[in-house]
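Worksheet: the structure to be examined is printed underneath.
The values are calculated or read from the model by the stated rules, or taken from the named source; none is laboratory data. What you are looking at is a predicted structure, and each value in this text was computed from that prediction instead of being measured. No Cβ is skipped: glycine too gets one built from the backbone with ideal geometry, and neighbour counts run over all protein chains shown. Side chains included, ligands, DNA and RNA excluded: accessible areas come from the protein's heavy atoms. Shrake-Rupley method; radii C 1.70, N 1.55, O 1.52, S 1.80 Å.
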Amino acid sequence: MNQQENIIDVPYRLITLAMLFVTCLITANLCAVKLFSVGSISMTSPIIFYPLTFIILDSMTEIWGKHVAKRIIWIGFLANVVFIGFIQIVLHLPAAPFWHGQQAMETVLGSLPRTVFASLVAYLCSQTLDITIFSKLKQRTQGRMLWLRSIASTASSQLIDSIMFMFIAFIGVMPLSNILTAMSSEYILKFSYSIIGAPLIYLVVFYAKRTQGGNKVCQNEAGKMMN
């Protein structure tokens, strides 16, 4: 038997995007407890990079299909569950007598369960909505107008994400007026991301199709890896 027949062509582009997706997601949950201000506007820190997850997910949906994108969503969910579990184990380990960072660590990471819960609920709903809208628009446009599908799906899903996360994470912790102000400010920035990020999706899709011989090949390779 030819040895080359046993070699599986792993879609490393999918693996790379999935790793970047999960990295952004976990980092967003880790940093969600910190709010920063620009002038009189307050926002959560993950606003800087969390919108990238929608751009990455749209790219994967376009190239490898809705089925693979759903798998990536659940992989990201499980990764965050494992992450918060590890954090809780570390927090409950007895601190060494000479180490004095336990209180600071508990102050920062001790509030993670609520913010991560809020993030995961918002994440599952918004990301699933994103690929659903994106896929339906792809059918209606017959695969055309990628920029429109990306902006429409991302703008809609990130609105749901902002509303769900801010209310679940900060209701009872922050005044309602501050929550609404932060939510509005974040959504404006997220909407801007969806427009700015549209060209990035074209670059990723072009790269995958050009090097792998087309969209159908990409989907077949991903299907072999996911099954």
I'd like the distance separating the alpha-carbon centroids of region 14-42 and region 44-94, in whole Å.
10 Å
Can you tell me the relative contact order of the chain? Whole percent, Cα pairs under 8 Å, sequence separation 6 or more.
29 percent
Expressed as a percent, the accessible surface of region 1-139 that is carbon or sulfur, using a 1.4 Å probe and the full set of protein chains, is 70 percent
Once label points are set 7 Å from the Cα along Cα→Cβ at both residue 147 and residue 81, what is their separation, rounded to one decimal in nm?
4.0 nm
How tilted is helix 146-170 with respect to the longest principal axis of the chain? Cα atoms for both, answer in degrees (0 to 90, nearest 10).
20 degrees
Between the helical axis of 176-196 and the dominant principal axis of the chain, each derived from Cα atoms, what acute angle in degrees is found, rounded to the nearest 10?
20 degrees
Give, in nm to one decimal, the length gained when the segment between residue 108 and residue 95 is fully stretched (0.36 nm per residue of separation minus the Cα-Cα distance).
3.1 nm
Between 0 and 90 degrees, rounded to the nearest ten: what's the tilt of helix 198-212 against the longest Cα principal axis of the chain?
40 degrees
Taking chymotrypsin sites (Phe, Trp or Tyr not before Pro) in a DSSP loop with at most 16 other Cβ atoms within 10 angstrom as exposed, one finds the longest site-free stretch of the chain at 100-227
What is the mean projected area of the alpha carbon convex hull for region 1-106, to one decimal in square nanometres?
11.7 nm²
Of 66/190; 136/190; 34/138; 34/136, those spanning more than 26 Å from alpha-carbon to alpha-carbon
34/138; 34/136
What length, rounded to one decimal in nm, is gained on full extension from residue 12 through to residue 125, with 0.36 nm per residue of separation minus their alpha-carbon distance?
38.0 nm
Shape of the chain, Cα gyration tensor, a/c cut at 1.5
oblate
